[in-house]
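In what follows, a structure is listed as structure tokens, so that the remarks can point back to it.
The values are calculated or read from the model by the stated rules, or taken from the named source; none is laboratory data. Keep in mind it's a predicted model, so treat the numbers as computed, not measured. So basically every Cβ, Gly included, is an ideal-geometry build from the backbone, and we count neighbours across all protein chains shown. SASA here: full protein model, heavy atoms, side chains in, ligands and nucleic acids out. Shrake-Rupley method; radii C 1.70, N 1.55, O 1.52, S 1.80 Å.
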Amino acid sequence: MNDRGTADRDLAGPDVGVRWTGIPIALISAALAAVALTAFGLELARIHPLLAIGLNIIVVAGAAPTVVRWLVVPVWRWAVYGAGAGALLSFVALAASAF
């Protein structure tokens, strides 16, 4: 306890321990998003490449409003970071496989 009657750990901020929980959550959500979007895009590219590009953009844009609302929740924020990174990795993988 300090002189104000609060514990010292309360002065460090509310988000100190969440970082170590959040990194594995971000990695797992990045892997899941990357694998799902890449598999979805590759199968659609077999039909038509423009269909794969268009539907992947629609899927990401459709999920964006919900995902942005999750940024204020400490643990879900890490899942959002991971999903965003996974989506970017997926788009890079799809672009690399197209050429």
Filter pass, L37 being open to solvent by 50 Å² or more (accessible area, probe 1.4 Å) and under 16 Å from the mean Cα position of the chain (by Cα): no
Tally of residues being farther than 14 Å from A87 by Cβ, assigned to a helix (DSSP H, G or I) and of a type in the set (V, I, T) across segment 16-41: 5
Complete set of residues in segment 26-78 that are farther than 28 Å from S97 by Cβ, free of Cβ contacts under 8 Å to residues at least 60 places away in the same chain and hydrophobic (A, V, I, L, M, F, W, C): V68, W70, L71, V72, V73, V75, W76
Check on L44, open to solvent by less than 60 Å² (accessible area, probe 1.4 Å) and part of a helix (DSSP H, G or I): yes
Candidate set: segment 48-99, residues that are open to solvent by 70 Å² or more (accessible area, probe 1.4 Å) and β-branched (V, I, T); chosen: the one modelled with the lowest pLDDT: I53
